[in-house]
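Trainee: Here it is, the structure, as structure tokens.
What follows is calculated from the coordinates using simple rules that are stated; it is not laboratory data. As the structure is a computational prediction, the values presented were derived from the model and not from experiment. Quick reminder, even Gly has a Cβ in these numbers, built from the backbone with ideal geometry, and neighbours come from all protein chains shown.
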Amino acid sequence: MNISSMTGFARAAGQHNAIHYAWELRSVNGRGFDLKLRLPPGFDALEPALREAAARRLKRGTISVGLTLRRDAPMSSAVDESVLDLYLARALDLARRIPGMPTPRAEALMALPGVIRPTGGDAGEPEDDEVHQAALASQLALSFEAALADLVAARDGEGARLAVVIDELLARIATLTTTAWQRADAQIILHRARLETALATLLGESRPVAPERLAQEIALLATKSDVREELDRLDAHIAAARALLGEAAPIGRRFDFLTQEFNREANTLCSKSASIDLTAIGLELKAAIEQLREQVQNIE
């Protein structure tokens, strides 16, 4: 069984010149793929490549990514005048076009992406800063790939543990279904006995029911209480679940839908049951299916 969980954690750290950096990746359950990035100011340009790399390796889950930086030397920064001029021109234009709109505030403009960019620590030529930033960005990207690989490994390891639990639950459901098959034929006998007892109580011996009429009523009750169709479907769902576990692709969504079908058949089995034994089996099935559903919620 080759399944992956949606939960995991990974960390990768390193150093570039005087800058120490660390990536932290946390993954939890999610309906789809949701990547949340938390990057220091001035590193927004990394985001498209990070999203592309994560989307290649992960198909489902809510993934939180954080990057922290620490410098041995005091951090220096510079204002990108061209970016600031562009933001200011746009803001002033909007202020003129929208009546009552206040003029842009300096602190708001300075907080916009790209206005303030980090430099290499010590003051130097602009070209040196650009080379330094490019080298740092390249090293950060490689470090992120390493952290991403560790996260995938952590999710795969958790998936292997999930597979063992799921296999045990499927075996339990299969055993209960087999036991229910053994009780299914007794449904008709129980319904006949109950119907005869009820008629005898209501009508007494003075007004006996014709045998053919009794047979019709028993046949009708037998049709309504026949659980063999539900048991057939449960057998088919068990086989489908085991087939899913053998696939290499992400199966979480399909398996989640399949557990809903499991539960539907168990509910119908309980509603049709004519015996305490079969009802007890149905309730045990429902409990095992609910445990299965909870585990399947973690699968990618």
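Trainee: Along Cα→Cβ, 7 Å out, is where each label goes; now give me the distance between the ones at Glu24 and Arg38 in nm to one decimal.
Mentor: 0.7 nm
Trainee: For Leu109 and Leu142, what is the calculated FRET efficiency with R₀ set at 35 Å and r taken between the beta-carbons, to the nearest 0.05?
Mentor: Working: r = 34 Å, r/R0 = 0.96.
Here the calculated transfer efficiency is 0.55.
Trainee: Kindly write out, for segment 292-299 in residue order, the coupling ³J(HN,Hα) from the Karplus curve 6.51 cos²θ - 1.76 cosθ + 1.60 (θ = phi - 60°), rounded to whole Hz, with x marking Gly and Pro.
Mentor: For segment 292-299, the Karplus curve yields 4, 4, 4, 6, 5, 4, 8, 7 Hz.
Trainee: Let me ask you something else. What number comes out for the charge environment of Leu84, summing +1 per Lys or Arg and -1 per Asp or Glu over other residues with Cβ under 12 Å away? Kindly include the intermediate steps, with their values, before the conclusion.
Mentor: Details: positive: Arg90, Arg117; negative: Asp80, Glu81, Asp85.
Neighbour charge sum, excluding Leu84 itself: -1.
Trainee: May I pose another question? Taking the simple approach of a point 7 Å from Cα along Cα-to-Cβ for both Thr268 and Ala45, what is their distance in nm?
Mentor: Computed distance between label sites Thr268 and Ala45 equals 6.1 nm.
Trainee: Arranged from highest to lowest average of other beta-carbon atoms within 10 Å per residue, in what order do the peptides 32-45, 286-299 appear? Display every interim value, and only then the final one.
Mentor: Numbers: 32-45: 14.4, 286-299: 18.6.
Taking the mean over residues of other Cβ atoms within 10 Å, the ranking is 286-299, 32-45.
Trainee: Please sort 46-59, 154-167 by packing, taking for each peptide the average over its residues of neighbouring beta carbons within 10 angstrom, highest first.
Mentor: Working: 46-59: 14.7, 154-167: 17.0.
The most tightly packed comes first, giving 154-167, 46-59.
Trainee: For segment 147-153, what does the Karplus curve 6.51 cos²θ - 1.76 cosθ + 1.60, with θ = phi - 60°, yield as ³J(HN,Hα) per residue in whole Hz, taken in order and with x for Gly and Pro?
Mentor: 5, 5, 4, 5, 5, 4, 5
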